[in-house]
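Written below as structure tokens is the structure these notes are about.
Please treat every number below as a calculation from the coordinates, not as lab data. Note that the structure is a prediction, hence the values are computed from the model and not measured. Note: ideal-geometry Cβ built from the backbone for every residue, glycine included; neighbour counts use all protein chains shown.
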Amino acid sequence: MVVQRNPVMSAIYLIANFFCLAALYLLLRAQLLAVLQVVVYAGAIMVLVVFVIMLLNLGNEQKLTERINMRMIIGVALAFGILLEFLYLYLSPRMQALPESLPPSAGAIGTVESMGRSLFGPFLLPFEITSLLLLAAIVGAVVLAKKQL
Amino acid sequence: MTGQTLVFFVMAVAAAEAAVGLAIVIAIFRNRQTVNIDEINILKW
């Protein structure tokens, strides 16, 4: 379902989506991944997307004709219903009586220190291969987007 | 720990893909003067 035909507004919605994804990472106790999500995606990738939108200079898009139809109403109603269900579950006393499922040391997994030890320890070779892949992607993007080959 | 490291690699690969994909969009726009997906049929035989 396309709500917005305007590419810049769609890009702003995509930024909001990335922030929501970062919040999900935080709920999973992956702090470094949440920060990376915001920095890499909501920062770098979105700058790239907005830059391409400005470069292409998209103007006269036709307006979206059907604004609110039956499917949209049903979808919003269902989403609201599931939101109410989650709220009920979250506020019910049985939910709050559940024991803490994670051990207290689980918060130390997603820190920068443990991620760095993993990246530069057992995952050193994939890490270096990833840097080579990024270099190849940069060169390929420049070659593809160049005016004259 | 292994899972989060793999998520890190997935994010790096996805970032590289995004860069290449946007470059392809620019190249197609330079060819066709449009990004409307209905008018791009250069793969059609």
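Would the protein assembly as shown count as rounded, prolate or oblate if I go by the C-alpha gyration tensor, calling it rounded below 1.5 in a/c and otherwise prolate when a/b exceeds b/c, oblate otherwise? Oblate is the answer for the protein assembly as shown, as a/c is 1.5 or above yet b/c matches or exceeds a/b.
For the pair A:Ala23 and A:Phe120, the difference between a 0.36 nm per residue extended length and the Cα-Cα distance amounts to 32.3 nm. The ranking of A:Arg29, A:Arg71, B:Arg32, A:Arg94 by Cβ neighbour count inside 10 Å, starting from the fewest, reads A:Arg94, A:Arg71, B:Arg32, A:Arg29. Spacing of the modelled spin labels on A:Leu14 and A:Val39, each 7 Å from Cα toward Cβ, amounts to 2.1 nm. The simple spin-label model puts a point 7 Å past each Cα toward its Cβ; for B:Ile37 and B:Thr2 those points are separated by 3.6 nm. Secondary-structure-derived ellipticity at 222 nm for chain B, considering helices only, amounts to -25000 deg cm²/dmol, per-run term -39500 (n - 2.57) for DSSP H runs with n ≥ 4.
Sorted fewest first by neighbouring Cβ atoms within 10 angstrom, A:Ser118, A:Ser92, A:Ser10 come out as A:Ser92, A:Ser10, A:Ser118.
Taking a ≥ b ≥ c as the square roots of the eigenvalues of the Cα gyration tensor, an a/c ratio of 1.5 or more together with a/b larger than b/c marks chain B as prolate.
For chain B, the longest principal axis of the alpha carbon atoms and the long axis of helix B:2-32 meet at an angle near 10°.
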